[in-house]
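A short write-up of the structure that comes next.
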Amino acid sequence: MKQDKTTTKKVLTERQIERRKAITDTLKSMIFPVILFAIIAAAIFFVINYQNANVDETVIQPRAYAGDDKPVVLDNAYLTLTMDPMTTQFELLVKETGKVWRSNPVGADDDPLALPEEKDKLQSPLVMSFNTETGLETTYSAYQYSVKNGIYEITTDEDSIRVDYSLGNVEKEFVIPPVCTAENYRKWCDQMTKEGINVVQQYYKKYDINKLKKKDNKEELLANYPILETEPIYVLRDTTKDNVKKTLQKYFEEAGYTYEDYMADKELDMSEKSSDKPIFNVSVIYRLDGADLVTEVPMQSLEFKEDYPIYTLSVLPYFGAGGTEDKGFMVVPEGGGAVINFNNGKVSQNSYYANIYGWDMCISRKAVVHNTRACYEAFGISDLENSYVCILEDGKSYAAVRADISGKNNSYNFTNAVYSICQREQYDVGDIANSDIYKYNTVLPDESLVQRYRFVASGDYVDMAKNYADYLHDRYGSYLALNDDTSVPVSIEVVGAVDKVKQIMGVPVRRPLPLTTYKEAEELIRELHEDGMTNLSVKYTGWCNGGVSQQLLKKAKTISSLGSKKDLQHLADTADELGIHLYLNGVTQYEYDSNIFDGFFSYRDAAKLISKERAKLYQYSAITYAQREGTDPFYLLHTDLAQKMSDNLVSAANKYGAGVSFEDDGKDLSADYYRKKLYTREDVLKLQEQRFKDMSDAGVDMMINMGNDYAVPYANMVTNMDMRGNDYTILDECIPFYQLAVHGYIEYTGFPINVCGNDIQQLLYSAEYGAGLQFTLMKETPFALQKTLYTEYYGADYEAWGDRMLAMYQRYNQELGHVFNQEMTGHKNYSDTLSCTMYADGTKVYVNYDYEDATADGILIPARDYLVLR
């Protein structure tokens, strides 16, 4: 019996163990599902409570003009600005000449060509546009949406006038209670003077649900004021006029009544439906700075609702505009400069538009039909007797310059700057939506948009350019010093290596293709020196990290097929010995064909778009405008990483005792929308400019490409300067506006003569614009470039071009070598194909682009040639 009990006990114990084991296994198997469920539940909780939480709507408080019609005046020894407070338009008297410039054209309201909306814009000192999520752009003018409604304020101090505009379809708003509880009413009255109480009592009516009069509609009152059901209220009488409301606002303000109190009281008034219409606040500050007028828009003063981001903004869009009977012209920054004559009749042509510093590469695009670029920040208007130059200062990297003639939308000729405020990115939503969806960067930097107007007592574009030159010298001081060149500056770009696909064991692999080895480059510069080329700068392109399409510059690695480090050092030593300036060229803002083994991880190292996608870039076809087939994408680098790459390039060049040449710094300017460390385009501009300044202070020889204005004063040489720009039909003349300002202070060249597509044309451009000469050379023959993407180097064969290049240089240097240490003092276009450029010592350079001989000033200039008179 005892044994049976023992056996039974063992059986029970084994069953308990099995049961416990089963329970344990079951619990273990449930751990992952439980954790997963908890994560999902937490995510759902977050989405419900946070993602979909009601976000407090941005409250835009409209302004209200409470002044009189007395003119607002700013005055100093040079200028008098008189503003009409009823329109915010103004006149500016230049005391030296007696010339009066107007913010807006006189008689714009009677323009026979302009539609009503266009007339409103013509009368507006400020025009802006806003977007929606679908990309729909709407334009608001200050006159139509602010001045007419009286929703603006004007404040002044000793040296400035500030106009705070509210723009929108809103009625005048006064910060007084539309309705308030009896308790609050007594609270505000207790804080008022006896006079204030007497006035307030006349315009507020008390309602008590228990003491309604026969005429009071109980249901209507409860519908309009639900709070009435629980407590008595005071309601502003409907007949109260605006002038009385201004007085009431004064008393309530003195009692401590705030805009927040007003918004709370508005909630009690259900008779007034809240509007979801867009409304914006923009402030413009005018200052007289000596003989200059300065305008400023603090970006922190821009207020808008999240659903209606401000897209563009233009200050004084019609300043100095000329009418159909006026004579004059506009100067725009196309290439070295261009003129658009008033009323030129080209009404079927597109208006002029150019982005300052070109496209922001951190804004994606699916196709590229045409790139616009202005390398400097000035434009202006001349009436043939007087003129002004507008110089964009702070915020210029967000701007584009626009100009148009009369006869299109209105009867006026005008030019202005248009600023991009909230940048946008298009989302690819596929079949989810029928329209495009855009994401906007609505976080504005603590910056300002500043424009400076300088007035010239002449209508000649040469004098306008010289006024701009004075500004540059005041700004950059000794960095713009007259050079001591006694011969023409020459830039020789030597192409080291390019990449070419080779078959290795049946696998296509990119490998560097040597075009000019380090030793060959040394031989080449020796030959050029022996042939008499002085003042020679050599840019060595494609010398490291895979060649021209350079891999990430984490470390500058020489290319074995070009030679050894010792060979490169010998090249640098030879250049120094011969007095030749050697610059090692590098790409610092982009990576090409790089991977993790090169130190590049795109998810970590690429800049971010507004959509937070990586900034993946493409080459575009000139035929289809779409992404070019057969080419790989490349990436724009994070701003911080790009800065490091610039440091690495400088260090590598210093190691060999050479100067540094930036392929992209000083030319390309892009933001970085990385959420943890956002860089605006203006931030990057300041970083680049400070780097160039520090390098110049440290004595580092530096060459830049194309040359944005903020980089030019610090560079030893600017190559590939775009002197003519695009041949827009609306333009009437091309002029060397920028070159008139900097010639003799900066060495610059145009595009390489032998690979630009038209060598004679480029040579003539150089002669007219006072530029040095540039050539691109390689020791390899063009046949080596077959089956590569580098067809632009087909004309770079040194053997084929050497003699012609030397002859071209010898004549150019003999006739023009003496002018490169002088200021350019004059320029004149006799026709579309004939011009003359003048220098400080009296030298004249006539250039004839025509295919027939031409005559100017009684002098015969041969066809397709230049003629120098000393």
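The values are calculated or read from the model by the stated rules, or taken from the named source; none is laboratory data. All of these numbers come straight from a predicted model, not from anything done at the bench. Cβ coordinates were reconstructed from backbone atoms using ideal geometry, including for glycine residues, and neighbour counts include every protein chain displayed. The protein model used for the area step is the full one, side chains on, heavy atoms only, and it has no ligands, DNA or RNA in it. Shrake-Rupley method; radii C 1.70, N 1.55, O 1.52, S 1.80 Å.
Please identify the trypsin sites (Lys or Arg not before Pro) of the range 185-220 that satisfy two criteria: DSSP loop assignment and at most 10 other Cβ atoms within 10 Å. Which are they? Please report the intermediate quantities before stating the final value.
Working: sites: R186, K187, K194, K205, K206, K211, K213, K214, K215, K218; in loops: K211, K213, K214, K215.
Answer by residue number: K211, K213, K214, K215.
Less than 12 Å Cβ to Cβ from T776, Lys/Arg counted +1 and Asp/Glu -1: what total charge do the surrounding residues give?
Details: positive: K539; negative: E493, D759, E792, D797.
Its environment carries a net charge of -3.
Between the listed residues Y846, S594, P736, the Cα displaced farthest toward the positive end of the dipole of the chain, a dipole computed from Cβ unit charges relative to the Cα centre, is found at S594.
Over the chain, the alpha carbon radius of gyration divided by the compact-protein estimate 2.2 N^0.38 Å works out to 1.22.
Which pairs break 21 Å Cα to Cα here: K206/K266; K554/K787; K539/K566; K396/K667; K554/K693; K366/K608?
On the way: K206/K266 17 Å; K554/K787 29 Å; K539/K566 19 Å; K396/K667 15 Å; K554/K693 23 Å; K366/K608 17 Å.
From K206/K266; K554/K787; K539/K566; K396/K667; K554/K693; K366/K608, over 21 Å: K554/K787; K554/K693.
Beyond 23 Å between alpha-carbons counts as too far, so tell me which of K557/K677; K655/K677; K119/K346; K215/K246; K305/K439; K616/K676 fall in that bin. Spell out each step's value before the answer.
Numbers: K557/K677 30 Å; K655/K677 32 Å; K119/K346 21 Å; K215/K246 30 Å; K305/K439 14 Å; K616/K676 19 Å.
From K557/K677; K655/K677; K119/K346; K215/K246; K305/K439; K616/K676, over 23 Å: K557/K677; K655/K677; K215/K246.
Order 539-549, 498-508 from most to least packed using the mean count of other Cβ atoms within 10 Å.
Details: 539-549: 25.6, 498-508: 11.9.
With the highest mean Cβ count within 10 Å placed first, the list reads 539-549, 498-508.
Considering helices alone, the calculated mean residue ellipticity of the chain at 222 nm is -8000 deg cm²/dmol, with DSSP H runs of length four and up weighted by -39500 (n - 2.57) and normalised per residue.
Just flag the chymotrypsin sites (Phe, Trp or Tyr not before Pro) in the range 375-482 sitting in loop per DSSP whose Cβ has no more than 15 other Cβ atoms within 10 Å.
On the way: sites: Y376, F379, Y388, Y398, Y412, F414, Y419, Y427, Y438, Y440, Y453, F455, Y461, Y468, Y471, Y476, Y479; in loops: Y376, Y412.
Hits after loop and neighbour filter: nothing returned.
Counting Lys and Arg as +1 and Asp and Glu as -1 over every other residue whose Cβ lies under 12 Å from the Cβ of R162, the net charge comes to -3.
Once each part is reduced to its C-alpha centroid, what is the distance from the range 405-419 to the range 296-337 in angstrom? The range 405-419 and the range 296-337 have Cα centres spaced 10 Å from each other.
Taking the Cα centre of the chain as origin and charging only Cβ (+1 Lys, Arg; -1 Asp, Glu), how large is the dipole, in debye to the nearest 20? Intermediate values should be presented prior to the final figure.
Values: 90 positive and 129 negative charges, 930 e Å.
Once rounded to the nearest 20, the dipole reads 4460 debye.
Over the chain, with every protein chain in place, what whole percent of the accessible area is carbon and sulfur at 1.4 Å, could you tell me?
Percent of accessible area from carbon and sulfur atoms in the chain: 49.
Ranking W801, W359 from most to least accessible surface, computed with a 1.4 Å probe over the protein chains only, gives W359, W801. Think of the chain as a dipole: +1 on every Lys or Arg Cβ, -1 on every Asp or Glu Cβ, centred on the Cα centre; then among I279, F342, G858, I279 lies furthest on the positive end.
Here K554 sits with roughly 100 square angstrom of accessible surface, probe radius 1.4 Å. Over what distance in Å are the Cα centres of the range 515-544 and the range 218-267 separated? Here the two parts' Cα centres lie 83 Å apart.
Ordering T558, L384, T776 by the projection of their Cα atoms onto the charge dipole of the chain, which places +1 on the Cβ of Lys and Arg and -1 on the Cβ of Asp and Glu, puts T558 at the extreme positive end.
Place the peptides 573-583, 848-858, 692-702 in order of packing, highest mean first, counting for every residue the other Cβ atoms within 10 Å and averaging per peptide.
Working: 573-583: 18.5, 848-858: 13.8, 692-702: 15.4.
The most tightly packed comes first, giving 573-583, 692-702, 848-858.
Short-range pairs are left out: with C-alpha atoms under 8 Å and at least six residues apart, the relative contact order of the range 553-651 is 32 percent.
Classify the range 568-683 as rounded, prolate or oblate, taking a ≥ b ≥ c as the square roots of the eigenvalues of its Cα gyration tensor: rounded when a/c is under 1.5, otherwise prolate if a/b is larger than b/c and oblate if not. Intermediate results must be reported in sequence, preceding the final value.
Working: a/c = 2.22, a/b = 1.67, b/c = 1.33.
Prolate.
Using a 1.4 Å probe and counting only protein heavy atoms, arrange H827, H818 so the residue with the most accessible area comes first. Show your work: numbers first, answer last.
Working: H827 10, H818 35 Å².
Accessible-area ranking of H827, H818, largest first: H818, H827.
Full-extension gain between D110 and Y625, please, as 0.36 nm times their residue separation minus the C-alpha to C-alpha distance.
Numbers: separation 515, 0.36 × 515 = 185.40 nm, distance 4.30 nm.
Here the answer is 181.1 nm.
Take every DSSP beta bridge with both residues inside the range 695-840 and express the antiparallel ones as a percent of the total, to the nearest 5. Write out the running numbers ahead of the final one.
Details: 5 of 12 bridges.
That works out to approximately 40 percent antiparallel.
Would you please classify the overall shape of the range 116-183 from the alpha carbon gyration tensor, given that a ≥ b ≥ c denote the square roots of the eigenvalues, rounded means a/c under 1.5, and beyond that prolate means a/b larger than b/c while oblate covers the rest? Could you put the intermediate results ahead of the total?
Values: a/c = 2.25, a/b = 1.29, b/c = 1.75.
Oblate.
Rounded, prolate or oblate, given the Cα gyration tensor of the range 435-594, with a/c below 1.5 counting as rounded? Mind showing how you got there, number by number?
Details: a/c = 2.98, a/b = 1.31, b/c = 2.28.
It comes out oblate by the Cα gyration axes.
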